[in-house]
Amino acid sequence: MSIVRKRLTPEESRAAALQAARALLIEAGPQAVTLKAVAARVGRTHANLLHHFGSAAGLQKALAQHLAETVTLSIGEAVLRERRGDAGPDEIVDLTFDAFDKEGAGALASWMILSGSHDALDPILDAIRQLVEDLSVEHGHAFVAERTLSLVLMAMGDALLGAPMARALGLPRGKARELALRQLAEAGLGTEGVVA
């Protein structure tokens, strides 16, 4: 008995592959995001994924772009809610830290840097730069850019080294988030502040 595969549009096939790649990233880390593993997960062939992404590096770059777009959208929405007084800066800090840790963006970015795929970071950097530009309308570019730089670097560092470092220092695991929130508050972040 043969297995009948549902015919997907190119857009559906690409979206399914990106969802599978994201799941693999979260479950097993960036080294698990291979064309073979993603193809197996979505029930497609290696050649099918080569057609859509060109290479494993192309798949990883597309995954980085997908993550960057979805994460910056949710953070941007949280910033706007915070500006209206409908959310607190803690939501922004949590979304940013979770993006780099639980969503795997920190591991993926590190993997790309260490494997020499620096251009694969462009979608992440472009999405963050665009978010800063969009949010700078009311508060000035330098204000938003500085807070974004600080928050992103803290979240990235926490994703990569936060747990063992906190343990080594006898601090609770969430201490870096607490420090990031405190730093934003000291910088004047409140209902009239911003962060990306």
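Just so it is clear, none of the values below were taken in a lab; they were calculated from the coordinates. If you're wondering where the values come from, they're calculated on a predicted model, not measured in any experiment. Glycine also receives a Cβ, built like all others from the backbone with ideal geometry; neighbour counts cover every protein chain displayed.
So here's what we get for this one:
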{"item": "Lysine pair number, Cα distance threshold 28 Å (strictly under), the chain, separation 8 or more or different chains", "result": "6"}
{"item": "Cα gyration tensor shape for the range 35-119, rounded if a/c is under 1.5, else prolate or oblate", "result": "prolate"}
{"item": "Sum of side-chain charges, VAL33 neighbourhood, beta-carbon under 12 Å (Lys, Arg +1; Asp, Glu -1)", "result": "+3"}
{"item": "Degrees, to the nearest 10: 89-100 long Cα axis against longest axis of the chain", "result": "30"}
{"item": "Helix 10-28 vs. the chain, principal-axis angle (Cα, 0 to 90°, nearest 10)", "result": "60"}
{"item": "Spin-label model distance (nm) - ASP126 vs ILE113, 7 Å beyond Cα toward Cβ", "result": "2.1"}
{"item": "Rounded tilt (10° steps) of 105-114 against the dominant C-alpha axis of the chain", "result": "70"}
{"item": "Cα gyration tensor shape of the range 56-186, rounded if a/c is under 1.5, else prolate or oblate by comparing a/b with b/c", "result": "oblate"}
{"item": "Per-residue ³J(HN,Hα) for the range 175-184, Karplus 6.51 cos²θ - 1.76 cosθ + 1.60, θ = phi - 60°, Hz, x for Gly and Pro", "result": "4, 4, 4, 4, 5, 5, 5, 4, 4, 5"}
{"item": "Mean ellipticity per residue at 222 nm, deg cm²/dmol - from DSSP H runs of n ≥ 4 across the chain, formula -39500 (n - 2.57)", "result": "-23000 deg cm²/dmol"}
{"item": "The range 1-151, relative contact order in percent, only Cα pairs under 8 angstrom and at least six apart counted", "result": "23"}
{"item": "Ranked THR70, THR9, THR96, criterion: other C-beta atoms within 10 Å, fewest first", "result": "THR9, THR70, THR96"}
{"item": "Note, ³J(HN,Hα) from phi for the range 116-129, Karplus 6.51, -1.76, 1.60, rounded to Hz, x at Gly and Pro", "result": "x, 8, 4, 5, 5, 7, 3, x, 5, 5, 5, 5, 5, 4"}
{"item": "Radius 14 Å from Cβ of LEU67, net charge of other residues (Lys, Arg +1; Asp, Glu -1)", "result": "-3"}
{"item": "Prolate/oblate/rounded call for the range 1-64, Cα gyration tensor, a/c under 1.5 rounded", "result": "prolate"}
